[in-house]
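Report on the structure given below.
The values are calculated or read from the model by the stated rules, or taken from the named source; none is laboratory data. Computed from a predicted model, the values in this text were never measured in an experiment. Reconstructed Cβ throughout: ideal geometry from the backbone, glycine too, with neighbour counts over all protein chains shown.
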Amino acid sequence: MENRTYTADAEPGDHVTVAGWVHEIRDLGGIAFLILRDKSGKIQIKFEKDEMDEDLVETGLGVHRESVISVTGDVEEEERAPTGVEMLPESIDVLNEADAELPLDPSGKVEAELSTRLDNRTLDLRKEEVKAVFEIRAEMLRSVREYFRDIACTEINTPKIVATGTEGGTELFPITYFGEEAFMNQSPQLFKQLMVGSGLERVFEIGPIFRAEEHNTPRHLNEATSIDFEAAFTDHQEAMDVCEGAVKAAYRGIAENCERELEALGFEDFEVPEEDFPRLSYEEAIERVNATGELDTQLVYGDDLSTEAEKALGQDVGGHYFVTDWPSEIKPFYIKDHEDDESLSTGFDLMHPRLELVSGGQREHRYDELIEGFKQQGLDPDAFEYYTKMFKYGMPPHAGFGLGAERLLMTILGLENIREAVLFPRDRQRLSP
């Protein structure tokens, strides 16, 4: 819209045109107020009924909440107004009238169930605190992307339609691809490994992944966003350094650039993690979980960490931490074992006290050992020839990780349900909108 002014930029003495949504109307008799909302904030429009054109007053006060309008007029200082200024309208144009009955209240005065909010996401995002989540998400991804570029990584985009899954076909969504069976990719893992064998060496990707897991929990999605890193001539220790750096970069970017959004979400003091993340071996983690006494039965070596175990360990540690040196049989075929103890892998997980954020490790870069890993996990190496054959042509040692963007945002903001971190979530019950 030509010559439009955002409400936050309207200054006393200005003659402006603002446009947005009708947030609220307050009729006090001889005087009335319309609160107009746009991306930048709100502004109060003042109607002095006895001194204004009747049609103008009728138009301004007769429009339904959430209708889209534009208003032209003078801006005056008014200390009693919510933002310290108000407009005196000389013209109002109703651009799109909203229905009188809305499926939810964008003002937030009447609470709505999460399912209702997700069914009406466009309306839901008109709430300042909901919009703030996605402004923060955008800043989180920008900060992480900038961090990777600062450490000489190249951004890549890998296929999301594949012939075989990263770890077999157990948790894949099948599709028909020109008469052939194909799948939605559950991870860019194999492709990003191929890229470290190219001249790119250090790569990252921020993109969708698809997992056909039949979970129905507050922390699982069937379509998620993965933040992936992979680098040649890098070991698992260095990959953990990068992982920690990326998470801290996300926190710092939000702290430095999202003050208004954090305030909308009720943050009085947003803390950026400064201390080094502890690195516990798997064996140490088992011992610490058992020592808490929070579990009904003691964990034994070879168990994966259950949700209850993760919670107990998170409360004991009190912040982000890595779990390293996992048993080889627990980790995927592409994770390299320790040279001095093949029963232990170089795999690691980054944990938040609430849930797991990252899975990573050093990769097996030797062809014969990689093929053996496929066989040990019951996978047919021939089905992955596009991947395995490149390991015959000079694949360097390399390491990397995958970080769940929604889980990271969920833990940064203390969201109760991961669906609050996604515009249009996909889970077992939700395929639309």
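Pairs only if they're at least six apart or on different chains, beta carbon under 8 angstrom, first in segment 368-389 and of a type in the set (S, T, Y), second in a helix (DSSP H, G or I) and surrounded by 11 or more Cβ atoms within 10 Å (Cβ to Cβ); list them, first residue then second.
Y387/L190; Y387/Q193; Y387/L194; T388/Y367; T388/L370; T388/I371; T388/F374; T388/P381
Tell me yes or no: at least one residue of segment 318-335 is farther than 29 Å from H365 by Cα, touching a residue at least 40 places away in the same chain (Cβ under 8 Å) and aliphatic (A, V, I, L, M).
Among the residues of segment 318-335, not one is farther than 29 Å from H365 by Cα, touching a residue at least 40 places away in the same chain (Cβ under 8 Å) and aliphatic (A, V, I, L, M), which makes the answer no.
Looking only at segment 45-96, how many residues end up being under 38 Å from the mean Cα position of the chain (by Cα) and not in a strand (DSSP E or B)?
Total satisfying the criteria: 9.
Being surrounded by fewer than 14 Cβ atoms within 10 Å (Cβ to Cβ), modelled with pLDDT of 95 or more and within 20 Å of V63 (Cα to Cα) is the filter here, so list the residues in segment 102-121 that pass it.
Selection gives P103 alone.
I'd like the full set of residues that are closer than 27 Å to K127 by Cβ, surrounded by fewer than 16 Cβ atoms within 10 Å (Cβ to Cβ) and out of contact with any helix residue (DSSP H, G or I) (no Cβ under 8 Å at 6 or more places or on another chain), limited to segment 25-60.
R26, L28, K39 - these are the residues of segment 25-60 that are closer than 27 Å to K127 by Cβ, surrounded by fewer than 16 Cβ atoms within 10 Å (Cβ to Cβ) and out of contact with any helix residue (DSSP H, G or I) (no Cβ under 8 Å at 6 or more places or on another chain).
Do we find a residue being among the acidic types (D, E) and in contact with a strand residue (DSSP E or B) (Cβ under 8 Å, 6 or more places away or on another chain) anywhere in segment 245-267?
No, segment 245-267 contains no residue that is among the acidic types (D, E) and in contact with a strand residue (DSSP E or B) (Cβ under 8 Å, 6 or more places away or on another chain).
Looking at E274, is it within 23 Å of A246 (Cα to Cα) and assigned to a helix (DSSP H, G or I)?
no
Restricting attention to segment 250-278, which residues are over 22 Å from K131 (Cβ atoms) and not charged (D, E, K, R)?
V272, P273, F277, P278, listed by residue number.
Here is a yes/no grid of residues against (1) surrounded by fewer than 21 Cβ atoms within 10 Å (Cβ to Cβ); (2) among the hydrophobic types (A, V, I, L, M, F, W, C); (3) not assigned by TED's automatic domain parsing to the domain that holds L409:
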{"position": "E329", "(1), (2), (3)": "yes, no, no"}
{"position": "Y334", "(1), (2), (3)": "no, no, no"}
{"position": "L344", "(1), (2), (3)": "yes, yes, no"}
{"position": "F348", "(1), (2), (3)": "no, yes, no"}
{"position": "R354", "(1), (2), (3)": "yes, no, no"}
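If you check S70 against the conditions, is it surrounded by fewer than 18 Cβ atoms within 10 Å (Cβ to Cβ), in contact with a helix residue (DSSP H, G or I) (Cβ under 8 Å, 6 or more places away or on another chain), under 30 Å from A132 (Cα atoms) and of a type in the set (S, T, Y)?
Considered against the rule, which asks whether it is surrounded by fewer than 18 Cβ atoms within 10 Å (Cβ to Cβ), in contact with a helix residue (DSSP H, G or I) (Cβ under 8 Å, 6 or more places away or on another chain), under 30 Å from A132 (Cα atoms) and of a type in the set (S, T, Y), S70 comes out as no.
Can you tell me how many residues in segment 349-367 are within 21 Å of M195 (Cβ to Cβ) and in contact (Cβ under 8 Å) with a residue 40 or more places away in the chain?
6
Could you list, in sequence order, all residues of segment 122-137 that are surrounded by 13 or more Cβ atoms within 10 Å (Cβ to Cβ), out of contact with any Ser or Thr (no Cβ under 8 Å at 6 or more places or on another chain) and not acidic (D, E)?
If the condition is that a residue be surrounded by 13 or more Cβ atoms within 10 Å (Cβ to Cβ), out of contact with any Ser or Thr (no Cβ under 8 Å at 6 or more places or on another chain) and not acidic (D, E), then L123, L125, R126, V130, K131, A132, V133, F134, I136, R137 are the ones that fit.
Filter segment 310-326 for residues that are touching a Leu at 6+ places or on another chain (Cβ under 6 Å) and under 13 Å from I286 (Cβ atoms); which is surrounded by the fewest Cβ atoms within 10 Å (Cβ to Cβ)?
Among them, the one singled out is D325.
So, of the residues in segment 374-427 that are touching a helix residue (DSSP H, G or I) at 6+ places or on another chain (Cβ under 8 Å) and among the acidic types (D, E), which turns out to be nearest to L262 (Cα to Cα)?
For segment 374-427, the residue satisfying everything is E420.
Counting just the residues of segment 319-346 that are modelled with pLDDT of 95 or more and within 22 Å of R219 (Cα to Cα), which one comes out farthest from the chain's Cα centre (by Cα)?
Step by step, filter segment 319-346, then rank; the result is V323.
Only one residue in E201, E261 is modelled with pLDDT of 95 or more, in the same structural domain as E364 (by TED's automatic domain parsing) and touching a helix residue (DSSP H, G or I) at 6+ places or on another chain (Cβ under 7 Å). Which one?
Going through E201, E261 in turn, just one is modelled with pLDDT of 95 or more, in the same structural domain as E364 (by TED's automatic domain parsing) and touching a helix residue (DSSP H, G or I) at 6+ places or on another chain (Cβ under 7 Å): E261.
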